[in-house]
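The values are calculated or read from the model by the stated rules, or taken from the named source; none is laboratory data. Note that the structure is predicted; figures quoted are calculated from it, not measured. Neighbour counts are summed over all protein chains in view; Cβ atoms, including those assigned to glycine, are modelled from backbone coordinates with ideal geometry.
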Amino acid sequence: MDDMQTTRREALLLGAGLLALGSLDAPAFAITGDMAGQPWANKAMRWAQVAFTEEDPPSYDPKFWFDLFKKTHVDAVCLSAGGCICFYPSKLPLHARAKYLGDRDMFGEMVMGARALNMSIIARVDPHAMSEAAFAAHPEWAACTADGKPRRHWAAADMYVTCQNGGFMFDFMPAVLKEITDTYQPEGFFGNRWAGSGMCYCQTCRDKFRAATGLELPTSNDPQEPRRKAYIQWNADMRWKQFKLWDDTVKASKKDSFFSPNGGMNDPNNVVIPVVAVDRQGRSGTTPVWMMGKYAKQVRAYMQNLPVCGLFNVGVEDENRWKDSVQRGPELEAWVHVGIAQGFRPWYCKFNARILDPRWVPAVEKIFAWHYAQDKYLRNTANLARVAMVNSTQSGIFTAGGTAFTAGDGVRAAQRVGDSQNGYYQALVEARIPFEMADDRQLEPQHIGRYRVLVLPDIAALSDAQCQQIRDYVMAGGRIVATGETSLYDEKGRRRSNFGLADLFGCDYVKTEEGVKNSYLTPHPHPLTAGLEDAPRIIAATQQITVKPHEAGKAPLTLVPSYPDLPMERVYTMTPETDIAMAFCRQVGKGRVVYFPMDLDRTFWEVLAADHLVLLKNAVEWAADEAAPMHVFGPGLVDIAYWRQAHSLAAHVVNMNNPMMMKGPYREFMPAGPYTVSLAIPAEARVGAVKLLESGIVPKTAREGDRLVVTVPHVRLHEVVAVDLA
């Protein structure tokens, strides 16, 4: 793993959230609220971004953008202002102006036009590079390689990469932020590549790290190496200081303005940013379309009811970064709508203010016109899911032999940890179980008490305090489903002699075996194995954990140990049955626990075996032991979500029936249906009008006790059952 990637992945060990109401004993139906008294950003539902290039000033057409802003009903716009290159007549020495800016104020022109449309302004700054003139004046501002040489920019040969801990970030950029705020009074700032571009070995970093820790900078990427472990925390502390300096600088000039880093920046106790943009510009390769919804859930886990925007690029985004090409309509629509269903506010981004290829425009207009038309049903105040998957930054950073991005920066965790999470995520989507995500730094009752079940997909790193929070949650009536090495390490990746949650699991740790081949599981009668009655054996996971049960008894799953897979004449077992337990289903206190001593979820992600789906689904349903707040019956694969607004309910059904769902682009939509949607209705609520937002029709409905049953004839892409509350 290269140094650039390593430092970025270790970026922040910070997270926060506002209090969420609810209890273990009652669904979260009582959660209500509105946007009254919230910052302006909480009211802004649709966002746009125009990332200027140096060639834009003399040839771009501002009228095109103002017309598009009106057509897309945008509430706020992010415009390139300054940093490595500025688009206004800066008076600061070394603040390099765009090559073809001349005496023009492109940023100011766009600000003026947007303000005339009553839009809020977010100024984009990017400090990751500097000009040769800036380097000549301040060579100490440059990032350095391990041998102390300044780093030339990898793509722009006439620029240098800036050190994230030096004068450019801590002296020059505050002056830039102050100048922009004083001159244009933007409502906020968005920081792109604000946290550096990888490990820096300049003298400034060496001196600061040594002063803080007494150590030299690490040369190893191993998170268990003492210097690397110290660096991870020090880097997080430095980023917090940088964020605080920038945010304070902005507020000193405009008290209600703010700085919002790309992906978010929050301390463990307080959300300090009124809105976060999550830069997940598109998908490629094998990225499933539901991934945009997962990004939304991860960041909302600590943002709670504050807005999270899904930033998508109309270009073709993968490691090759084709910025001047565009996505066709179906690909854009599918990516954005699944994010909207899971709570994202859409934010479109166009690189280059000149329109070389306009084919993206109708698709964006269509998405945003739909969003605007359904505005009141998208101003969510609570998600009504009773299941939450735990997202763990520290497990990705400190375990599985690698480092990881933080929760605020997406899902790219160390391979095994990320694959376990993706596997269980896929299973919950296929099972049509509405679910949210919870942050492992917020396991207090006020954050997780509204959930009936917590899913812990190989959450290996948990502190003693976190284990106690989970234990208290279960004893009070909560339920958990855990896999693999969950709780085997402490919060810094130090391996325990036993699971931290051994008392809940009902077994003690003995050893872990990786790469197990040709091993199987024998299902035995139990609710966990419902649907496998005709299966004498199913494939086992490739990581298996030997455990010592606390109590004797027949397990729902037992192990058929690995046996030869070659030569074919030897492919048979001498041990067709054992009593080795591979699933523990227990009543603990007032709660329930399911533990799989294997990476069943990661193996499911790899092979997508239907038998594993049955087990992962049954585990959550047995643990929950209650009807889900939303059921969807009908054909194919759909992603679902159930939300409350101040005066309505909204149940989302996203059609993912596409032969290329797990690989490659969406070419067309294949309408599916009919579907029957069954919704639990809050006890105090009276149902008013019911309508379908995609098709625009009034559906057939029926009441079955406390549930509303709605017939949805078909779903093209994203149908929403909107229920007005009388």
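Checking the structure you have, find out if any residue of the range 403-423 is outside the structural domain of K691 (by TED's automatic domain parsing), hydrophobic (A, V, I, L, M, F, W, C) and at pLDDT 95 or above. Give the derivation first.
Start the filter on the range 403-423 by keeping residues that are outside the structural domain of K691 (by TED's automatic domain parsing), which leaves 403-423.
Narrowing further to those that are hydrophobic (A, V, I, L, M, F, W, C): 404-405, 407, 411, 413-414, 417.
Next, from what is left, pick out any that are at pLDDT 95 or above: none.
No, the range 403-423 contains no residue that is outside the structural domain of K691 (by TED's automatic domain parsing), hydrophobic (A, V, I, L, M, F, W, C) and at pLDDT 95 or above.
If the requirement is being outside the structural domain of T711 (by TED's automatic domain parsing) and in contact with a Gly (Cβ under 7 Å, 6 or more places away or on another chain), which of these qualifies: K554, K590, K548? Before you say what the answer is, go through the steps one by one.
On the way: K554 fails: in contact with a Gly (Cβ under 7 Å, 6 or more places away or on another chain); K548 fails: in contact with a Gly (Cβ under 7 Å, 6 or more places away or on another chain).
Only one candidate qualifies: K590.
Do you know which residues across the range 77-98 are over 17 Å from F351 (Cα atoms) and out of contact with any Gly (no Cβ under 7 Å at 6 or more places or on another chain)?
Of everything in the range 77-98, those that are over 17 Å from F351 (Cα atoms) and out of contact with any Gly (no Cβ under 7 Å at 6 or more places or on another chain) turn out to be P89, K91, L92, P93, L94, A96, R97.
Quick check on the range 287-316: of everything there that is modelled with pLDDT under 80 and surrounded by fewer than 20 Cβ atoms within 10 Å (Cβ to Cβ), which residue is nearest to A341 (Cα to Cα)?
Of all residues in the range 287-316, those modelled with pLDDT under 80 come to 304-305, 315-316.
From what is left, the residues that are surrounded by fewer than 20 Cβ atoms within 10 Å (Cβ to Cβ) are 304, 316.
On the way: Q304: 16, V316: 23 Å.
Checked the range 287-316; the qualifying residue nearest to A341 (Cα to Cα) is Q304.
Counting only residues that are under 25 Å from V276 (Cα atoms), hydrophobic (A, V, I, L, M, F, W, C) and touching a helix residue (DSSP H, G or I) at 6+ places or on another chain (Cβ under 8 Å), which one in the range 76-96 is surrounded by the fewest Cβ atoms within 10 Å (Cβ to Cβ)?
The residue in question is C86.
Within the range 364-397, take every residue that is part of a strand (DSSP E or B) and of a type in the set (S, T, N, Q) and give me the one that is nearest to the chain's Cα centre (by Cα).
N391
In this structure, does V516 turn out to be more than 15 Å from L600 (Cα to Cα) and of a type outside the set (F, W, Y)?
no
Before we move on, is P556 out of contact with any helix residue (DSSP H, G or I) (no Cβ under 8 Å at 6 or more places or on another chain) and either modelled with pLDDT under 95 or farther than 22 Å from Q415 by Cα (or both)?
So P556 does not fit the description; no.
Kindly indicate whether any position in the range 526-548 is modelled with pLDDT under 95, among the charged types (D, E, K, R) and either assigned to a helix (DSSP H, G or I) or surrounded by 14 or more Cβ atoms within 10 Å (Cβ to Cβ) (or both).
Checking the range 526-548: not a single residue is modelled with pLDDT under 95, among the charged types (D, E, K, R) and either assigned to a helix (DSSP H, G or I) or surrounded by 14 or more Cβ atoms within 10 Å (Cβ to Cβ) (or both).
Could you check T676 against (1) in a loop (DSSP other than H, G, I, E, B); (2) β-branched (V, I, T); (3) in contact (Cβ under 8 Å) with a residue 24 or more places away in the chain and say which number it fails?
(1)
I'd like to know if the range 470-491 contains one or more residues that are at positive phi, at pLDDT below 95, in contact with a strand residue (DSSP E or B) (Cβ under 6 Å, 6 or more places away or on another chain) and buried (at least 18 other Cβ atoms within 10 Å of the Cβ).
No, the range 470-491 contains no residue that is at positive phi, at pLDDT below 95, in contact with a strand residue (DSSP E or B) (Cβ under 6 Å, 6 or more places away or on another chain) and buried (at least 18 other Cβ atoms within 10 Å of the Cβ).
Quick check on the range 188-229: of everything there that is small (G, A, S) and under 30 Å from the mean Cα position of the chain (by Cα), which residue is nearest to S120 (Cα to Cα)? Before the answer, list the steps.
Keep residues of the range 188-229 that are small (G, A, S), which gives 188, 191, 195-198, 211-212, 214, 220.
Right, trim to under 30 Å from the mean Cα position of the chain (by Cα) and you get 188, 191, 195-198, 220.
Working: G188: 9, G191: 17, A195: 25, G196: 28, S197: 29, G198: 33, S220: 45 Å.
Selected residue: G188.
Kindly indicate which of Y666, Y642, Y675 is under 30 Å from G329 (Cβ atoms), surrounded by 15 or more Cβ atoms within 10 Å (Cβ to Cβ) and touching a Gly at 6+ places or on another chain (Cβ under 8 Å).
On inspection, the qualifying residue turns out to be Y675.
Working only within the range 219-233, note down all residues that are surrounded by 20 or more Cβ atoms within 10 Å (Cβ to Cβ) and either over 13 Å from K492 (Cα atoms) or touching a helix residue (DSSP H, G or I) at 6+ places or on another chain (Cβ under 6 Å) (or both).
Once the filter is applied, which keeps residues that are surrounded by 20 or more Cβ atoms within 10 Å (Cβ to Cβ) and either over 13 Å from K492 (Cα atoms) or touching a helix residue (DSSP H, G or I) at 6+ places or on another chain (Cβ under 6 Å) (or both), the range 219-233 yields only P223.
Which condition does Q468 not pass, out of (1) in contact with a Ser or Thr (Cβ under 9 Å, 6 or more places away or on another chain); (2) without any contact (Cβ under 8 Å) to a residue 12 or more places away in the chain, if it passes all the others?
Among (1) in contact with a Ser or Thr (Cβ under 9 Å, 6 or more places away or on another chain); (2) without any contact (Cβ under 8 Å) to a residue 12 or more places away in the chain, Q468 violates only (1).
All but one of (1) in a loop (DSSP other than H, G, I, E, B); (2) at pLDDT 95 or above hold for Q442, so report the exception by its number.
For Q442, the exception is condition (2).
Restricting the range 458-469 to residues that are of a type outside the set (V, I, T) and outside any helix (DSSP H, G or I), which is surrounded by the fewest Cβ atoms within 10 Å (Cβ to Cβ)?
S463
Among the residues of the range 97-129, which ones are surrounded by fewer than 21 Cβ atoms within 10 Å (Cβ to Cβ) and more than 30 Å from H371 (Cβ to Cβ)?
Matches in the range 97-129: R97, K99, Y100, G102, D103, R104, D105.
So in the range 196-229, with the set limited to residues that are of a type in the set (A, V, I, L, M) and at pLDDT 95 or above, which one is farthest from I397 (Cα to Cα)? Even if it seems obvious, please write down each step before you answer.
So in the range 196-229, the residues of a type in the set (A, V, I, L, M) come out as 199, 211-212, 215, 217.
Restricting the remaining residues to those that are at pLDDT 95 or above gives 211-212, 215, 217.
Values: A211: 24, A212: 21, L215: 20, L217: 18 Å.
That would be A211.
Residue check: is A685 aliphatic (A, V, I, L, M), in a loop (DSSP other than H, G, I, E, B) and surrounded by fewer than 19 Cβ atoms within 10 Å (Cβ to Cβ)?
So A685 fits the description; yes.
From the list V111, V161, V125, which one is closer than 20 Å to P274 by Cα and either touching a Ser or Thr at 6+ places or on another chain (Cβ under 8 Å) or not polar (S, T, N, Q) (or both)?
Result of the check over V111, V161, V125: V125.
So, in the range 345-373, how many residues would count as being out of contact with any helix residue (DSSP H, G or I) (no Cβ under 9 Å at 6 or more places or on another chain) and surrounded by 16 or more Cβ atoms within 10 Å (Cβ to Cβ)?
The qualifying residues number 5.
So, in the range 484-509, of the ones that are in a loop (DSSP other than H, G, I, E, B) and among the hydrophobic types (A, V, I, L, M, F, W, C), which residue ends up nearest to D601 (Cα to Cα)?
L488
Could you list, in sequence order, the residues of the range 161-218 that are under 30 Å from R115 (Cα atoms) and in contact with an Asp or Glu (Cβ under 6 Å, 6 or more places away or on another chain)?
Across the range 161-218, the qualifying residues are N192, R193.
Might you check whether a residue that is touching a residue at least 40 places away in the same chain (Cβ under 8 Å) and loosely packed, with under 12 Cβ neighbours inside 10 Å occurs anywhere in the range 702-716?
The answer is no; no qualifying residue exists.
Return the total of residues in the range 450-469 being within 13 Å of T393 (Cα to Cα) and in contact with a strand residue (DSSP E or B) (Cβ under 9 Å, 6 or more places away or on another chain).
So the answer is 7.
Residues that are more than 24 Å from H371 (Cα to Cα), touching a residue at least 60 places away in the same chain (Cβ under 8 Å) and of a type in the set (S, T, Y): does the range 58-77 have at least one?
Looking for residues that are more than 24 Å from H371 (Cα to Cα), touching a residue at least 60 places away in the same chain (Cβ under 8 Å) and of a type in the set (S, T, Y), one finds at least one in the range 58-77, hence yes.
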